[in-house]
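Visitor: The following block contains the structure, expressed as structure tokens.
The values are calculated or read from the model by the stated rules, or taken from the named source; none is laboratory data. This one's a predicted model, so the numbers in the text were calculated from it and none came from an experiment. Using ideal geometry, Cβ is built from the backbone for each residue, glycine included, and neighbour counts are taken over all protein chains shown. For accessibility, only protein heavy atoms count, side chains too; no ligands or nucleic acids. Shrake-Rupley method; radii C 1.70, N 1.55, O 1.52, S 1.80 Å.
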Amino acid sequence: MSQPEYTTAQVTALTNHDRKLIHKPGSIQAHGVLLALSTQLEILQVSNNTQAYLGKEPEDLLGQPLSYLLDPQQVEIVKQCLVKKIGSANAFKVLIDTLDKKIYFDAIAHRTEEAVILELEPTNSESEVSFLSFHRLAGEAIAKMQRTSSLIEFLHLVAEEIQKIIGFDRVMVYQFDESEAGSVVAEVKRQDLSPYLGLHYPATDIPAPARELYTRCFLRFIPDLTAEPVKLVPTENPTTHQHLDLSYCLLRSFDWCCTEYHQNMGVKALLVISLIQDRKLWGLISCHHQTPKYISYEVLKMCEFLGQIVCSELAHKISYSEWDYKVKLKSLQSEFLESISQADNFIDALIKPEIRLLDLVSASGAAVCLDNEITLVGTTPNIDEVRTLIEWADIQVSDNLFSTDSLPKLYSEALIFKDTASGLLLLRISKIRRYYILWFRPEVIQTVHWAGNPQESMQYQADGSFTLSPRKSFEQWQETVRLTSLPWKACELDSAIALRNAIVGIVLSKADELAKINLELERSNQELASFAYAASHDLKEPLRGIYNFSTVLLEDYAQVLDDDGMECLQTVVSLSVRMETLINALLRLSQLGQAHLRLQTTDLNELLNQVIDVFRASRQDSRLVDIRIPRPLPTVLCDRVLVNEVFSNLLGNAFKYNDKAEQWVEIGYFSQEEGQGGQGGQVSLLSPPSSLSTLSLLNAQSPIFYIRDNGIGIPHHHLETIFRLFKRLHSQEKYGGGAGAGLAIVKKIVELHNGKIWVKSTVGVGSMFYFTLE
């Protein structure tokens with residue numbers, strides 16, 4: 001439900017009205033007498049009608065002790081209020097002699113911050129209603145209310161039972177919404193009266209001070225709205241020099257606005273009972289009568305007691321009406337969280353099946369945002385609209401949970417997609433990363449039936465100013481409400497928060513598990529590296545013996561051995577050499593696993609020249625070596641010796657695996673900004689590496705180095721496996737053999753520098769190795 005929107009000036013007018021001190025009116029209703037007493041029970045103030053009720057003028061009472069009117073036993077009852085909490089009342093019967101007769105009064109005493117207040121209301125009864133009589137009157141009504149389970153039936157029954165007890169023409173149950181506007185949800189009335197059931201009332205009909213008083217004082221009774229109020233004498237408390245606080249007084253007079261408002265409805269007597277839930281004003285039982293009507297204090301207390309019973313039962317009835325739905329949400333939530341905790345892919349667990357994520361809060365669409373990756377589910381705005389909405393939320397929403405049933409009123413761009421997302425429930429999973437879940441609800445065009453035009457309370461003057469005035473018409477007035485969805489229920493918001501808490505718990509649990517696994521892996525790797533180093537080192541000695549003795553046999557005993565024997569020995573020597581190569585590679589890798597980087601600022605141009613000089617010196621056909629360097633390399637912080645090994649390995653492989661007549665290698669770099677924009681490169685291999693997911697993990701300041709060749713290329717399915725230890729794509733006889741450890745060593749060195757290495761290749765065209773050094 002919506003209520004009318006007000007301009008800034010209108011809000012100011014409403015606020016000024018809200019500031020009226022209606023709990024300090026300086027007067028009381030005419031059907032009783034009020035005495036304000038000091039803590040010594042001396043009469044400080046009286047209502048200006050004591051002559052009519054007590055036969056004494058105000059001046060005769062002021063300054064007198066309370067014992068001037070009451071006997072010692074009754075004075076003691078009033079005195080007990082001094083030790084009670086503020087607003088807690090003592091009630092008793094009192095007989096007072098006037099000049100011509102004796103009058104029985106209902107006496108109600110309570111204390112405030114500055115005084116003790118005694119109210120006296122004349123009564124025809126000289127005895128208090130017994131408990132059995134009270135139980136007989138109220139017990140049947142309570143039993144009926146407890147038997148019904150439906151909230152609507154319960155509220156209608158409440159109105160019926162209250163109407164039976166007080167005999168008013170109309171009894172309504174009035175419920176507030178989030179905007180403090182209200183609607184009549186149950187009604188019992190005289191047949192000839194127009195119905196108010198289903199009508200809505202703007203928040204301005206009950207100003208904030210009145211709502212605050214209803215929250216503190218559960219009962220408000222005005223038997224005659226046409227009666228003139230009776231002023232207090234003196235007007236101000238002589239001790240505090242302020243108006244007396246009458247918040248808890250049954251006799252407190254009423255504001256003129258209240259009088260005119262209800263008289264415009266044809267009401268002459270009014271009884272209001274507050275309905276409180278979770279310390280907030282949930283609603284009111286509002287009772288109207290067309291003529292003045294007095295109710296005894298005992299009946300009023302019975303109505304107040306029934307109101308408290310209704311508040312207690314109301315919580316159960318509300319819970320019961322939502323119970324099935326809450327159980328469904330809880331069940332879905334448990335199933336959902338179990339699947340998330342067991343899933344390998346977080347997004348898949350959230351969105352598959354799609355209906356589960358939507359049912360969690362009864363939404364028609366959802367969006368899951370993990371940084372820049374957005375996944376849509378159900379009926380939603382498009383990706384760009386969702387992305388812009390999230391950017392708005394980043395700035396405007398500070399809480400982990402945000403909900404609205406009228407997004408276009410807060411975010412004007414939402415007008416474009418109001419049909420799919422007039423309602424938004426936004427859940428922020430992380431405050432560090434842009435992790436969100438958004439749920440959407442479509443626009444639901446509603447027709448709201450107001451009790452009269454709610455704008456009528458604003459009375460405009462000739463100069464453009466206006467004041468808040470009671471509305472004169474309560475005939476049904478329709479308003480079409482647009483740009484709103486169905487509201488989000490509290491249990492749906494709870495379900496979203498529970499999802500966030502569970503996700504955070506699962507992530508922390510997974511992180512803890514990963515930390516333990518990583519610790520175990522690190523320990524295992526250290527042990528394995530130590531073992532590999534020790535084993536490799538120890539294997540070299542017997543291997544050297546095998547090689548040496550085989551060589552001796554070949555050289556000194558050749559004449560003894562036949563051809564088969566010689567061939568076997570030559571094979572042993574060859575395999576010994578091969579095995580020593582493998583052991584040396586394993587030793588090198590294990591050494592790297594335990595190595596500590598010696599970082600220093602290194603000019604890569606100087607380092608690369610050294611690598612090229614050594615490489616040319618090791619080749620007989622050095623004149624045929626075509627090494628291209630398009631531009632000078634940068635200076636970086638690295639381990640100079642290890643990076644030398646990286647370039648040596650990659651450069652050696654580039655020429656080793658090349659069957660072209662004209663062989664060439666290009667060594668260069670580009671910044672990631674250049675990579676994102678692409679290189680208008682010389683060949684197709686030099687394309688932006690940003691297409692690789694690896695780049696998202698890199699330091700944006702780190703240059704990307706590359707070594708490109710026109711060699712034999714690498715099949716696509718081997719692009720990852722080539723970095724494994726002892727992995728060769730060819731037999732020993734082809735391309736000069738080798739241990740198959742070079743790229744594994746290169747990868748290890750790059751990773752020691754917190755970098756990445758990857759390759760792009762086309763068979764028959766060439767390969768291009770990329771790597772970074774952070």
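Visitor: Taking R0 as 41 Å, what FRET efficiency do you get between residue 559 and residue 631 from their Cβ-Cβ distance, rounded to the nearest 0.05?
Guide: Here the calculated transfer efficiency is 0.05.
Visitor: A further question follows. Report, to two decimal places, the Cα Rg of the range 185-264 normalised by 2.2 N^0.38 Å (N = number of residues).
Guide: So the range 185-264 has a normalised radius of gyration of 1.39.
Visitor: Averaged over all directions, how much area does the convex hull of the C-alpha atoms of the range 47-190 cover when projected, in nm²?
Guide: Computing the convex hull of the Cα atoms and averaging its projections yields 13.2 nm².
Visitor: I would also like to ask the following. How long is the range 625-666 along each principal axis, judged by its Cα atoms, biggest number first, in Å?
Guide: Reported extents, whole Å, longest axis first: 37, 21, 10.
Visitor: Let me ask you something else. How much length would be gained if the chain were fully extended between residue 334 and residue 489, taking 0.36 nm per residue of separation minus their Cα-Cα distance, in nm to one decimal?
Guide: So the chain would gain 53.9 nm between residue 334 and residue 489.
Visitor: How far apart, in nm, are the 7 Å Cα→Cβ label points at residue 88 and residue 39?
Guide: The answer from the label model is 1.7 nm.
Visitor: Got a sec? What order do 255, 71 fall in by accessible area at 1.4 Å, biggest, i.e. largest, first?
Guide: Listed by decreasing accessible area, they come as 71, 255.
Visitor: What's the ranking of 229-235, 390-396, 403-409, 289-295 by average number of surrounding C-beta atoms within 10 Å, highest first?
Guide: My ranking of the peptides, most packed first, is 403-409, 229-235, 289-295, 390-396.
Visitor: Over the range 161-249, calculate the relative contact order: mean separation of alpha carbon pairs under 8 Å at least 6 apart, over the residue count, as a percent.
Guide: This gives 16 percent for the range 161-249.
Visitor: Moving on. Under Stokes-Einstein, with the Kirkwood radius over Cα pairs standing in for Rh, what whole-number D in µm²/s applies to the range 135-252 at 25 °C and 0.890 mPa s?
Guide: 142
Visitor: Next question, about the same structure. What list of whole percents do you get for P(r) of the range 218-327, with Cα-Cα distances grouped in 10 Å bins up to the one holding the largest distance?
Guide: Cα pair-distance distribution for the range 218-327, in percent: 12, 33, 29, 18, 6, 2, 0.
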